[in-house]
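Chemist: Please see the structure below; I have some questions.
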Amino acid sequence: MTRSAEQSPVTAPHPLDFVSLGKIVQIRERLMTAQANGKAVFRFESGDPSFSPPAHVAEALVAATYAGKTHYIPNNGIPELRAALAEKARVKNGLTTVTSDDVFVTNGAMHALNVTFGALLMPGDEVIIPDPMWTEVAENIRLAGGVTIGVKLSAEEDFAYRAADIEAAITPKTTAIFINTPQNPTGALLSREELQAIYDVARRHNLWIVSDEAYEDLVFEPHQHVSIGSLAEANDHRVISIFSFSKSHAMSGLRTGYVITRAELLKDRLPKLLRCTINGVNSVAQWAALAAVTGSQASTAMMRNEYRVRRDIMIAALTGIPGVRPFTPKGTFFVWVELDPSVYDRLEVADADALSSSLAADGIGSAPGDAFGTFYPDAIRFSFSCDTTMVREGSIKLREALL
Ligand SMILES: Cc1ncc(COP(=O)(O)O)c(C=O)c1O
């Protein structure tokens, strides 16, 4: 901190001083600068879909703007959207008893995580999370005063998040179990049986479950997404489900997501946080989201098929390199790669961090393992969310760089 050199009054440490803007952001900025300077770059650090939203979504956004639907809207979301999302949750996710009153529209799943942990946690409360895990989950828990307890995902079992390991991590301070399926960064998917076992642990120990399902539509056949909320008993309101339009409908910049909860405690607290943080999500984005959820889902299927093509290109490029073990994702657009330390000697870098930096110098984006927790420093994540040509050309470069 360099505050002492400034003429500003606040000096005491603040929780925000312990939150990082993240290594991925630094690599992204480096690549974007190189791109702006005309250098060829391969945006394998990015988690942003290359696609545009479907036409009916763009049309709804424009129509809402021309119709003057640009004023303050209800804090928890426009009623039409909340009703449509409740219907979607009942039919598609099997959350059979959900009504519009249980739906809270947020500025993406990121904001959904922020308000959920903000509404749930008291200082010192522990939340069990998988390790590795997309960094912002831990940061949002810390922002709410919580403490993260990382459970190492089992590489031998395809990065399974095992109920037994979760149970072993429970202490008197544990408040919630966080799950993410399919998972960023590993692309692992929890089966119905694994989810049932986690749900049973949560019930036994009377814990909340926060279920981040931002990638629910990005699951590759024959695998299938299961919402843990569908396993909950009718009168059991411990599961809080989080969804997003960012990946499923390529609406990342429109910042629309939602929380579904039937718990009265949260239904009382969430509106207060929504009111004081955003006072309702951008009105025209909500009309666009309504079109996305009620209209044709053909573009979601098309994107999923194209992501599968990209996945296979990237996996093929990463296969057969000494000391490099790519994990074929069942969902998401990430390839998680375990690195044998012999790779560092061969490539003359100190560690995965240095490897990520050296790849960035070649215009290839990545995210090093230690950006996702503590248990997998010898790993690196590559994303195939950028367009297919970039994935194809970048994968050739990446293979050359790692050989
Ligand atoms: C696991 C996970 N959850 C939530 C999000 C947030 O998505 P958004 O805020 O765009 O809806 C992301 C974004 O990358 C993610 O990877």
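The values are calculated or read from the model by the stated rules, or taken from the named source; none is laboratory data. In this text, all values refer to a predicted model and were calculated from it rather than measured experimentally. Glycine gets a Cβ as well: all are built from the backbone with ideal geometry, and neighbour counts include every protein chain shown.
Chemist: Could you tell me which of the residues 264, 306, 233 is under 21 Å from the mean Cα position of the chain (by Cα) and either within 15 Å of the ligand (Cβ to nearest atom) or not aromatic (Phe, Trp, Tyr) (or both)?
Modeler: On the way: 264 fails: under 21 Å from the mean Cα position of the chain (by Cα); 233 fails: under 21 Å from the mean Cα position of the chain (by Cα).
Every option except 306 fails the conditions.
Chemist: Cβ contacts < 7 Å: first residue in the same structural domain as residue 103 (by TED's automatic domain parsing) and modelled with pLDDT of 95 or more, restricted to the range 217-242; second residue in a loop (DSSP other than H, G, I, E, B) and among the aromatic types (Phe, Trp, Tyr), any location; separation 6+ or different chain. Result?
Modeler: Listed by first residue and then by second, the contacts come to 218/333.
Chemist: If a residue must be touching a strand residue (DSSP E or B) at 6+ places or on another chain (Cβ under 7 Å) and farther than 16 Å from residue 209 by Cα, how many such residues does the range 113-131 contain?
Modeler: Residues in the range 113-131 being touching a strand residue (DSSP E or B) at 6+ places or on another chain (Cβ under 7 Å) and farther than 16 Å from residue 209 by Cα: 2 in total.
Chemist: Do you know which residues across the range 178-194 are in contact (Cβ under 8 Å) with a residue 24 or more places away in the chain and away from the ligand (no atom under 15 Å from the Cβ)? Working first, answer last.
Modeler: Going residue by residue through the range 178-194, those that are in contact (Cβ under 8 Å) with a residue 24 or more places away in the chain are 178-192, 194.
Matches in the range 178-194: 191, 192, 194.
Chemist: For the range 139-156, give me the residue count where each residue is modelled with pLDDT under 95, buried (at least 18 other Cβ atoms within 10 Å of the Cβ) and within 20 Å of residue 378 (Cα to Cα).
Modeler: Residues meeting the conditions: 0.
Chemist: Okay, moving on. Can you spot a residue in the range 224-240 that is touching a helix residue (DSSP H, G or I) at 6+ places or on another chain (Cβ under 8 Å) and assigned to a strand (DSSP E or B)?
Modeler: Checking the range 224-240: at least one residue is touching a helix residue (DSSP H, G or I) at 6+ places or on another chain (Cβ under 8 Å) and assigned to a strand (DSSP E or B).
Chemist: For residue 102, are the conditions met, namely being away from the ligand (no atom under 16 Å from the Cβ), in contact with a Ser or Thr (Cβ under 7 Å, 6 or more places away or on another chain) and either charged (D, E, K, R) or not assigned by TED's automatic domain parsing to the domain that holds residue 245 (or both)?
Modeler: On the way: away from the ligand (no atom under 16 Å from the Cβ): yes; in contact with a Ser or Thr (Cβ under 7 Å, 6 or more places away or on another chain): yes; either charged (D, E, K, R) or not assigned by TED's automatic domain parsing to the domain that holds residue 245 (or both): yes.
Yes; evaluated as a whole, the condition is true for this residue.
Chemist: If you don't mind, there's one more thing I want to ask. For residue 205, are the conditions met, namely being more than 16 Å from the ligand (Cβ to nearest atom) and either more than 16 Å from the chain's Cα centre (by Cα) or touching a residue at least 60 places away in the same chain (Cβ under 8 Å) (or both)? Reasoning before the result, please.
Modeler: Values: more than 16 Å from the ligand (Cβ to nearest atom): yes; either more than 16 Å from the chain's Cα centre (by Cα) or touching a residue at least 60 places away in the same chain (Cβ under 8 Å) (or both): yes.
It is true that residue 205 is more than 16 Å from the ligand (Cβ to nearest atom) and either more than 16 Å from the chain's Cα centre (by Cα) or touching a residue at least 60 places away in the same chain (Cβ under 8 Å) (or both).
Chemist: State all residues of the range 45-68 that are within 16 Å of the ligand (Cβ to nearest atom) and either out of contact with any Leu (no Cβ under 7 Å at 6 or more places or on another chain) or outside any loop (DSSP other than H, G, I, E, B) (or both); if no residue qualifies, say none.
Modeler: 46, 47, 48, 49, 50, 51, 52, 53, 57, listed by residue number.
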